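> What follows is a structure written as structure tokens; I'll ask about it next.
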Amino acid sequence: MTATDTITTTSSTTEAARRDKVLRTIARRSFCVLATSTPGGRPHAVSVLYAAVDRTLWVHTFRDTKKARNVAANPEVAVCIPVRRLPLGPAMAVQFTGRADVVDQDDPAVVPLIQSGRLKKILVDGALDEPTGVFLRITPHGRIGTYGIGVPLLRVIRDPLSAIGSVSL
């Protein structure tokens, strides 16, 4: 039996607990690597700050950046969120594919999030004053992959393959 088989055959209660742990891990972080692709299919990966609101990640950027242009042309993205548990050793991670949309700063979907402060951690002073400012709204597809999330550290060290997992949204 592989690590993936073990994870996919767990009870629904265990799956729900793992999903909650993964979603909490995402919400507690603010840094990820966002992968997009050009209209010609050339990959582009960039480090970004994000704010998690429910099951959606929000990134503030500018309309003329490569990532925003790529998302406008092809909304399919990938995200990797590193999760450091110890100062030494491998970083754990959460990763998923999803759909990203370019959202104007005055869009009715984003204005309440700005006003309530839910996007405060990604808005530097004056960011909303920039006329080319936009948000990327990233919605994960059905599964989120993990490495080491919810797995005891000693088990990760002794059996690294046992740290591989995923949860359904």
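> Test R137 against the stated conditions and say whether it is buried (at least 18 other Cβ atoms within 10 Å of the Cβ) and among the basic types (K, R).
Values: buried (at least 18 other Cβ atoms within 10 Å of the Cβ): yes; among the basic types (K, R): yes.
When the stated conditions are applied, R137 passes them.
> Here's another thing I want to ask about it. Kindly indicate which of Q115, Q95 is closer than 23 Å to C80 by Cβ and of a type outside the set (A, V, I, L, M). Steps first, please.
Working: Q115 fails: closer than 23 Å to C80 by Cβ.
Selected residue: Q95, the only one of Q115, Q95 that is closer than 23 Å to C80 by Cβ and of a type outside the set (A, V, I, L, M).
> Residues G150, G89: which one is closer than 25 Å to R18 by Cβ, out of contact with any strand residue (DSSP E or B) (no Cβ under 7 Å at 6 or more places or on another chain), modelled with pLDDT under 95 and surrounded by fewer than 17 Cβ atoms within 10 Å (Cβ to Cβ)? Before you say what the answer is, go through the steps one by one.
Working: G150 fails: surrounded by fewer than 17 Cβ atoms within 10 Å (Cβ to Cβ).
Just a single option satisfies the conditions, and that option is G89.
> Given (1) basic (K, R); (2) touching a Ser or Thr at 6+ places or on another chain (Cβ under 7 Å); (3) within 27 Å of A17 (Cα to Cα), where does R158 come up short, assuming only one miss?
Every listed condition holds for R158 apart from (2).
> Could I ask something else about it? Which of the following residues is at pLDDT 95 or above, surrounded by 15 or more Cβ atoms within 10 Å (Cβ to Cβ) and assigned to a strand (DSSP E or B): A68, A35?
Values: A68 fails: assigned to a strand (DSSP E or B).
The match here is A35.
> Being part of a strand (DSSP E or B), of a type outside the set (K, R) and either within 16 Å of the chain's Cα centre (by Cα) or under 25 Å from T65 (Cβ atoms) (or both), is that true of even one residue in the range 146-153?
Within the range 146-153, the first condition is being part of a strand (DSSP E or B), and the residues that meet it are 146-147.
Then keep just the ones that are of a type outside the set (K, R); that gives 146-147.
Still in the running and either within 16 Å of the chain's Cα centre (by Cα) or under 25 Å from T65 (Cβ atoms) (or both): 146-147.
For the range 146-153, residues part of a strand (DSSP E or B), of a type outside the set (K, R) and either within 16 Å of the chain's Cα centre (by Cα) or under 25 Å from T65 (Cβ atoms) (or both): present.
> Which one of these is among the aliphatic types (A, V, I, L, M), buried (at least 16 other Cβ atoms within 10 Å of the Cβ) and over 15 Å from the mean Cα position of the chain (by Cα): V124, V156?
Unique residue meeting the criteria: V156.
> Could you grab me the full set of residues in the range 112-142 that are in a helix (DSSP H, G or I), closer than 19 Å to A68 by Cα and free of Cβ contacts under 8 Å to residues at least 24 places away in the same chain?
At the first step, the residues of the range 112-142 found to be in a helix (DSSP H, G or I) are 112-115, 120-122, 127-129.
Next cut, closer than 19 Å to A68 by Cα only: 122, 127-129.
Once the filter is applied, which keeps residues that are in a helix (DSSP H, G or I), closer than 19 Å to A68 by Cα and free of Cβ contacts under 8 Å to residues at least 24 places away in the same chain, the range 112-142 yields L128, D129.
The values are calculated or read from the model by the stated rules, or taken from the named source; none is laboratory data. What you see is a predicted model; the values in this text were computed from it and never measured. No Cβ is skipped: glycine too gets one built from the backbone with ideal geometry, and neighbour counts run over all protein chains shown.
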